[in-house]
Every structure is written in structure tokens, then in C-alpha cells.
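These notes are about the structure you will find just below.
The values are calculated or read from the model by the stated rules, or taken from the named source; none is laboratory data. Values in this document were obtained by computation on a predicted structure and should not be read as measured data. Cβ placement follows ideal geometry from the backbone for every residue including glycine, while neighbour counts extend to all protein chains displayed. These area figures cover heavy atoms from the full protein model, side chains too; ligands, DNA and RNA do not enter into them. Shrake-Rupley method; radii C 1.70, N 1.55, O 1.52, S 1.80 Å.
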Amino acid sequence: SPPQPGATPEAPLDQAVSRRQANNCYLYFTIRNLQRARDNCEQPATAGDAKAQHHMASLARSNEDFASARQWAQRSAQQGHAPGQLLYAELLQSTRGGEQDAASALEWLHAAAAQGLPAAQYAAGRAWQQGLGASADLKRSRSFWQQAAEQGHVDAQLALAESLLDNPGTQTGAARSWLTRAARQGSTRAQMRLAECYAQGLDGSADPEQAYIWYSLALLGGESAAQAPAEQLATQLNSEQLVSAQSRI
């Protein structure tokens with residue numbers, strides 16, 4: 001009998017098996033069981049599954065089979081799969097597995113970035129900063145980094161902050177703001193840079209207590225280079241400031 005309203009017709013057996021294998025592909029790739037991922041991804045990738053094609057490309061790249069990686073990544077990218085577009089762009093930026101094509105790589109980065117993929121937005125910013133595929137353009141690099149940074153991408157937040165510190169106009173506090181967001185996500189590099197800003201009065205006024213706090217947090221995160229400046233700053237704080245800073249840490 002025909003399915004009742006709201007019921008889902010049962011999928012043909014081969015389609016159900018294919019979907020199960022694709023789901024296994026996604027699962028094993030996510031948990032980094034690479035051999036099982038490869039075993040389960042090849043069939044759905046060959047059948048045209050864009051996500052499985054991306055996974056096959058990534059697995060091939062990790063195995064240094066760059067020619068296969070390009071082939072799978074291209075197929076995924078051409079279907080509009082943003083991670084596939086990003087991976088294909090990364091492969092085109094190198095000479096591994098084929099000719100380098102930085103201009104095409106930039107186009108694929110733009111395509112993936114337009115879909116809102118933060119890693120692609122960050123990579124597009126790097127390409128515009130370094131002049132890969134087009135003449136370097138600081139304004140465009142910052143625009144892409146800001147898109148990724150607003151989505152919480154730590155490397156983009158750092159890159160944007162560093163760009164603002166390296167090419168300062170008026171001190172607006174924007175660099176400190178991005179560093180703070182990255183630092184609060186646990187980036188010891190951001191914590192170190194933010195501490196330097198407070199210690200040296202970069203992008204705002206100096207604040208030894210804040211500098212001490214962020215150097216201390218970086219030290220707790222395993223950044224040994226933070227120990228000496230933290231100890232030096234401790235000598236500049238009175239007992240009340242130290243107690244306050246340590247409670248905040």
C-alpha cells in the first residue's frame with residue numbers, strides 16, 4: 001500500500017547501505033580512525049558524495065599522495081562543498097601533486113569563504129596579505145580576517161590584531177579587543193601579546209596589573225617565556241593590587 005501522509009518510504013536496500021557507509025565514513029574520519037575512514041569513504045566518494053570526496057582528499061594528503069588528493073578535492077570543490085574548496089585551494093597553492101596555481105586557489109578560497117567557512121576566510125586573508133594569486137591588499141586581508149574572527153577563529157583574531165598593531169593609525173583599542181577574545185579562548189600566544197600591550201602601552205594606556213594577569217595566565221598555560229615578565233611586574237604592584245590580580249587569575 002502507498003505510504004501514509006507523513007511517513008517516509010523505505011529506501012531501496014543499496015541506497016540504505018550506501019547511506020550507512022557514508023555515515024561510517026564521516027564518523028571514522030571525525031574520530032581519526034584513518035584506515036576505517038578510507039575503507040568506508042571510497043565507495044560514497046566514487047558515487048559522488050562531496051563530503052566523502054573531501055575526506056578522501058584529506059586522507060590522501062596525509063598519506064602524501066598529493067595527485068590523488070588534488071583529484072578528490074577538485075571533485076568535492078566543484079560540487080560546492082566548502083571544506084573541499086578550501087582543501088583544493090591549499091593544494092593549488094603548492095607544487096605538490098601538480099602545477100601551482102595561486103590565482104585559481106584564491107578563487108576557490110573566495111568561494112569557500114562566501115559560504116561562511118572561518119578557516120577559508122582566514123586563509124583568504126593570508127593570501128591577500130602575502131599577495132598569493134593577486135597583489136597584496138591589506139584592506140582585503142583584514143576584511144576576511146574580521147569575518148573569521150567574528151566567528152571565533154583564534155588565528156584570525158590574532159592575525160587581525162597583529163595587523164592592527166603593525167600598521168597603527170590612531171589607538172582605538174581594536175587590537176586589544178581581538179587579542180582579548182583570543183586570549184579568553186586559551187591561546188597563550190594571544191595572552192602573551194595582550195600582556196605586552198598592557199605592559200608597553202600599545203593600543204591603549206599601560207596597565208601593569210592587567211599585564212601581570214595575562215602573563216600569569218600564559219605561564220599557567222605552559223608559556224615559560226611569561227615567567228620573567230610576570231615576576232618583574234609583580235614588583236611594581238602593591239599588595240592590594242597583587243591580591244586583586246591573583247584572585248582574578
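Would you confirm whether or not region 110-118 contains a residue that is open to solvent by 40 Å² or more (accessible area, probe 1.4 Å), within 18 Å of Gln85 (Cα to Cα), modelled with pLDDT of 95 or more and not in a loop (DSSP other than H, G, I, E, B)? Checking region 110-118: at least one residue is open to solvent by 40 Å² or more (accessible area, probe 1.4 Å), within 18 Å of Gln85 (Cα to Cα), modelled with pLDDT of 95 or more and not in a loop (DSSP other than H, G, I, E, B). Considering only residues in region 23-55 that are part of a loop (DSSP other than H, G, I, E, B) and open to solvent by less than 80 Å² (accessible area, probe 1.4 Å), the one that is farthest from Leu86 (Cα to Cα) turns out to be Asn33. For region 109-144, a residue qualifies if it is hydrophobic (A, V, I, L, M, F, W, C) and more than 22 Å from Ala77 (Cα to Cα), and the qualifying residues are Ala136, Leu138. Here is a check on your reading of the model: is Glu240 of a type outside the set (A, V, I, L, M) and either buried (at least 17 other Cβ atoms within 10 Å of the Cβ) or in contact with a Pro (Cβ under 9 Å, 6 or more places away or on another chain) (or both)? Against the criterion (of a type outside the set (A, V, I, L, M) and either buried (at least 17 other Cβ atoms within 10 Å of the Cβ) or in contact with a Pro (Cβ under 9 Å, 6 or more places away or on another chain) (or both)), Glu240 does not qualify.
Residue count for region 199-216, restricted to those that are open to solvent by less than 40 Å² (accessible area, probe 1.4 Å), assigned to a helix (DSSP H, G or I) and not aliphatic (A, V, I, L, M): 6. Of the residues examined, Gly97 is not one that is more than 17 Å from the chain's Cα centre (by Cα) and surrounded by fewer than 16 Cβ atoms within 10 Å (Cβ to Cβ). Considering the conditions (1) of a type outside the set (Lys, Arg); (2) out of contact with any Cys (no Cβ under 6 Å at 6 or more places or on another chain); (3) free of Cβ contacts under 8 Å to residues at least 24 places away in the same chain, Cys41 is excluded by exactly one of them, (2). The set of residues in region 174-198 that are open to solvent by 30 Å² or more (accessible area, probe 1.4 Å) and polar (S, T, N, Q) comprises Ser177, Gln185, Thr188.
What do you reckon, is Ala199 of a type outside the set (Lys, Arg) and either at pLDDT below 95 or within 31 Å of the chain's Cα centre (by Cα) (or both)? Against the criterion (of a type outside the set (Lys, Arg) and either at pLDDT below 95 or within 31 Å of the chain's Cα centre (by Cα) (or both)), Ala199 qualifies.
If you go through region 127-173 and keep only what is closer than 22 Å to Gln200 by Cβ, open to solvent by 70 Å² or more (accessible area, probe 1.4 Å) and of a type in the set (Ser, Thr, Tyr), you end up with Thr170, Thr172.
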